[in-house]
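Working notes, beginning with the structure itself.
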Amino acid sequence: MTSVYFVRHAQPDFICSDDVTRSLTTEGEKDSKKVAEAFKNIYLDFVISSPYLRSIKTIKQTAEMHGLEIYKDMRFQECDKGNNGNNIEMFRRRWADFDYHEDGGESLISVQERNISALFDVLDAHHDKNIMIGTHGTALSTILNYFDKNFGCDDFLRIIDFMPYVIRLDFEGRKCISKEEILIIEKIFKQ
């Protein structure tokens, strides 16, 4: 069995407008220590992340604690949001139609396909290992939807306020056989 621990990043600092280099708030930095605490007794074999700074910073202490390098894969990056793409109306519209995207934005099917492709590559290369993946709310939600078609917009909106959020998915090959929420820290999503 392969266990994958998905870690949605801690609270981002929206003072920085660049999605790739946006870091964490002071509170987010403190909450990253809680992620490391949650992994104190969990053995990890491999760590990979979205290349976005907030994802890397959220898992950095945990990776260091385990003596592991953080590998980066662009396919795990967050959804490219276009014009006015970060609001409840747009979230509902995207979840109602996975092919829909706003001007300059990315459809959920595109996000899902690249994230699942990256995940399958990781599962194939690290069979029967414990893996940590640094990720984002929308990206993670599309992964959860892939393995459970009942996971929809309301579930996405539930976890949008969880920063950081850790969920473990267990796999036999590429088949998800179970999942468990490991850590939930609630913060109000705002931009």
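The values are calculated or read from the model by the stated rules, or taken from the named source; none is laboratory data. Because the structure is a prediction, the values reported are computed rather than measured. Neighbour counts run over all protein chains shown; Cβ positions are idealised from the backbone, glycine included. Surface accessibility is based on the protein's heavy atoms, side chains included, excluding ligands, DNA and RNA. Shrake-Rupley method; radii C 1.70, N 1.55, O 1.52, S 1.80 Å.
Structure notes:
- Meets criteria (in contact with a strand residue (DSSP E or B) (Cβ under 6 Å, 6 or more places away or on another chain), open to solvent by less than 10 Å² (accessible area, probe 1.4 Å), part of a helix (DSSP H, G or I) and closer than 26 Å to Met1 by Cα) for Val47: no
- Identity of the residue in region 56-96, part of a loop (DSSP other than H, G, I, E, B) and modelled with pLDDT of 95 or more, that ends up nearest to Thr138 (Cα to Cα): Asp73
- Residue check for Val7: surrounded by fewer than 20 Cβ atoms within 10 Å (Cβ to Cβ) and under 13 Å from Thr135 (Cα atoms): no
- Residues satisfying the criterion are absent from region 6-13 (criterion: more than 17 Å from Tyr165 (Cα to Cα) and in contact (Cβ under 8 Å) with a residue 12 or more places away in the chain).
- Complete set of residues in region 99-109 that are open to solvent by 40 Å² or more (accessible area, probe 1.4 Å) and either in contact with a Cys (Cβ under 8 Å, 6 or more places away or on another chain) or assigned to a loop (DSSP other than H, G, I, E, B) (or both): Asp99, Tyr100, His101, Asp103, Gly104
- Cross-chain or 6+ apart pairs with Cβ under 7 Å, region 41-53 first and over 21 Å from Glu29 (Cβ atoms), then at pLDDT below 95 and open to solvent by less than 10 Å² (accessible area, probe 1.4 Å): none
- Residue satisfying condition, being assigned to a helix (DSSP H, G or I), in contact (Cβ under 8 Å) with a residue 60 or more places away in the chain, open to solvent by less than 40 Å² (accessible area, probe 1.4 Å) and of a type in the set (Val, Ile, Thr), within set Ile116, Ile133, Ile167, Ile143: Ile143
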